[in-house]
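Here is the structure we will look at.
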Amino acid sequence: MTNLGVLFFAEDLDFLLNNAIVVCVLFKGVEKIHILDKKDFKGPLLENINSAIAFVQRHTNEEYIIEKIKREMIPEIPEVALREVIVNAVCHRDYFDRSFR
């Protein structure tokens with residue numbers, strides 16, 4: 001199996017490519033000392049991207065705009081921007097860097 005095949009189809013990326021997991025962390029404050037929530041995503045690449053997006057969305061503030069009968073929820077970070085940031089981070093990382101562990 002090629003490395004690309006591993007990234008897209010392997011069930012356990014951590015076993016085959018050490019630097020292929022996606023780690024999401026929510027810290028309290030800006031000092032990065034107290035962890036409020038942390039998840040390691042070790043599945044197939046696309047599943048990891050979707051899980052990372054869901055993690056960030058869960059921890060993102062929303063604004064409610066009530067101008068019509070149904071309120072509109074506006075996230076602090078637009079979904080298209082969030083998806084772009086996470087996909088770029090996953091696509092441009094060095095999967096063969098052994099300094100991760």
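Only the coordinates and a few stated rules stand behind these numbers; no lab work does. Here the structure is a predicted model, which is why all the values come from computation and not from measurement. When we count neighbours, we look across all protein chains shown, and the Cβ atoms used for this are built from the backbone with ideal geometry, even at glycine.
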If you bin every alpha carbon distance in the range 40-82 into 5 Å steps from zero, what whole percent lands in each bin? 5, 20, 22, 17, 15, 9, 6, 4, 1
Sorted from largest down, what three extents in whole angstroms do the Cα atoms of the range 3-98 have along their principal axes? 51, 32, 20
So for each of 47-53, 23-29, 37-43 I average, over its residues, the number of other beta carbons within 10 Å; can you give me the resulting order with the highest mean first? 47-53, 37-43, 23-29
Report, ordered by chain and residue number, the lysines lying within cross-link reach of LYS28, taken as a straight Cα distance under 28 Å and ignoring same-chain residues fewer than 8 apart. LYS38, LYS39, LYS42
Farthest toward the dipole's positive end in the range 3-98, which of ILE49, TYR95, ILE74, given Cβ charges of +1 (Lys, Arg) and -1 (Asp, Glu) about the Cα centre? ILE74
Restricting attention to the range 50-85, which trypsin sites (Lys or Arg not before Pro) occupy a DSSP loop and are surrounded by at most 12 other Cβ atoms within 10 Å? LYS68, LYS70, ARG71
Would you mind working out the magnitude of the charge dipole of the range 3-98 relative to its Cα centre, with +1 at each Lys and Arg C-beta and -1 at each Asp and Glu C-beta, to the nearest 20 Debye? 140 debye
Report the gain in length on full extension from VAL85 to ILE65: 0.36 nm times residue separation, minus Cα-Cα distance, nm rounded to one decimal. 4.6 nm
